[in-house]
1. What pairs can you find where one residue is in region 113-136 and within 14 Å of Leu218 (Cα to Cα), the other is surrounded by 18 or more Cβ atoms within 10 Å (Cβ to Cβ) and of a type in the set (Ser, Thr, Tyr), and their Cβ atoms are less than 6 Å apart, with a gap of 6+ or different chains?
2. Which of the residues spanning region 62-84 are under 14 Å from Val110 (Cα atoms) and surrounded by 16 or more Cβ atoms within 10 Å (Cβ to Cβ)?
3. How many residues are loosely packed, with under 14 Cβ neighbours inside 10 Å, more than 11 Å from the ligand (Cβ to nearest atom) and under 22 Å from Glu204 (Cβ atoms) if we restrict to region 1-34?
4. Inside region 163-175, can you point out the residues that are part of a strand (DSSP E or B), surrounded by 15 or more Cβ atoms within 10 Å (Cβ to Cβ) and of a type in the set (A, V, I, L, M, F, W, C)?
5. For region 35-48: of the residues being within 12 Å of the ligand (Cβ to nearest atom) and not hydroxyl-bearing (Ser, Thr, Tyr), which is surrounded by the fewest Cβ atoms within 10 Å (Cβ to Cβ)?
6. For region 185-199: of the residues being without any contact (Cβ under 8 Å) to a residue 40 or more places away in the chain and hydrophobic (A, V, I, L, M, F, W, C), which is surrounded by the fewest Cβ atoms within 10 Å (Cβ to Cβ)?
7. Assess whether Arg134 counts as being away from the ligand (no atom under 11 Å from the Cβ), touching a Gly at 6+ places or on another chain (Cβ under 8 Å), part of a loop (DSSP other than H, G, I, E, B) and not aliphatic (A, V, I, L, M).
8. Take the conditions within 12 Å of the ligand (Cβ to nearest atom) and surrounded by 16 or more Cβ atoms within 10 Å (Cβ to Cβ) and apply them to His178. Does it pass?
Amino acid sequence: MVDHAFSDERLAQLYDVLNPWGGSGDDAFYLDLVMSARSVLDVGCGTGALLRRAREAGHAGLLCGLDPAEAMLDQARVRPDIEWISGDLASAGGSDGASSVGRDRRFDLVVMTGHAFQVLVEDDELRASLAAVRSVLSDDGRFVFETRNPSARAWESWTPDHAVEVTAADGAVVRVAHQVETPVDGDVVSFSTTFTSPDWERAEVSRSTLRFLDRDALSSFLAGAGLVAEWQYGDWARGPLTGTSPEIITVAAPAR
Ligand SMILES: C[S@@+](CC[C@H](N)C(=O)[O-])C[C@H]1O[C@@H](n2cnc3c(N)ncnc32)[C@H](O)[C@@H]1O
């Protein structure tokens, strides 16, 4: 089930305010890749900021965004010259022709940005999703995504004292605070995000669960889908992956 933060119209409208373009190095990293690929599938595209930027920057090829959250896609659809598909990743592939993503076409680049990969929590969901990626990827294509490095323990700072305030498009000042459910169980972290505003009748609470795979577990899931990590970086400046790197940024290719 999609998090309330993505399925609720008012919260989906807040997403780009909370995550402005260029806020960290990931946007430039992915935009470069998208601009040099002929056909791109953005899985968990959310509000579609990456593909919208690519089209604005002159990308003339196939740009396709996939997301199960209609409220997020509603933000993306301001740009009708991009194909926006409502659905989840596990149903994107398949050889039965039922998929509206993979029908008669393969992508040079598949990306999952904004830590969207971490919403894949269960082993079966990860396997089905990675198999779907492989099935829509061309034989010389690349699957590029990032997951937070578990050894950097990012969730330890997801506390109410790190709350942020933003101003929504309608002028409402909204406070956004996280609270992690403890104890953290292995590589799975569940937390709530509470949105409050003096202009709203009541608070909105979204519960999320994310998986923090380490490098070895990630390699094993990729191998199971016929994919292999070609490059891995620990940060958006393409620094090496170390024990303290914030990210595991992976460029995966079909196994030969
Ligand atoms: C944190 S947002 C990232 C959005 C965007 N990629 C970005 O970089 O800002 C995660 C997105 O993944 C989507 N999502 C959740 N489950 C999914 C699934 N099984 N397959 C594809 N996308 C999914 C959510 O609806 C949400 O829009």
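1. Here the result reads Phe117/Thr147; Gln118/Thr147; Leu120/Ser129, each pair linking region 113-136 to a residue that is surrounded by 18 or more Cβ atoms within 10 Å (Cβ to Cβ) and of a type in the set (Ser, Thr, Tyr).
2. Result: Leu63, Cys64, Gly65, Leu66, Asp67.
3. Adding up the residues that qualify gives 2.
4. Taking region 163-175 first, the residues part of a strand (DSSP E or B) are 164-167, 173-175.
After this cut, where a residue has to be surrounded by 15 or more Cβ atoms within 10 Å (Cβ to Cβ) as well, the list is 166, 174-175.
Val166, Val174, listed by residue number.
5. Of all residues in region 35-48, those within 12 Å of the ligand (Cβ to nearest atom) come to 41-48.
Now drop any that are not not hydroxyl-bearing (Ser, Thr, Tyr), which leaves 41-46, 48.
On the way: Leu41: 31, Asp42: 29, Val43: 28, Gly44: 25, Cys45: 28, Gly46: 23, Gly48: 25.
Among those residues, the one meeting the criterion is Gly46.
6. Filtering region 185-199 down to residues without any contact (Cβ under 8 Å) to a residue 40 or more places away in the chain leaves 185-187, 189-192, 194, 196-199.
Adding the requirement that they be hydrophobic (A, V, I, L, M, F, W, C) leaves 189, 191.
Numbers: Val189: 24, Phe191: 18.
Ranking the candidates gives Phe191 first.
7. Details: away from the ligand (no atom under 11 Å from the Cβ): yes; touching a Gly at 6+ places or on another chain (Cβ under 8 Å): yes; part of a loop (DSSP other than H, G, I, E, B): no; not aliphatic (A, V, I, L, M): yes.
Considered against the rule, which asks whether it is away from the ligand (no atom under 11 Å from the Cβ), touching a Gly at 6+ places or on another chain (Cβ under 8 Å), part of a loop (DSSP other than H, G, I, E, B) and not aliphatic (A, V, I, L, M), Arg134 comes out as no.
8. So His178 does not fit the description; no.
None of the figures in this text is laboratory data; all of them are computed from the coordinates on show. Not measured: the values here are computed from a predicted model. For neighbour counting, all protein chains shown are included, and Cβ atoms are generated from backbone atoms with ideal geometry for every residue, glycine included.
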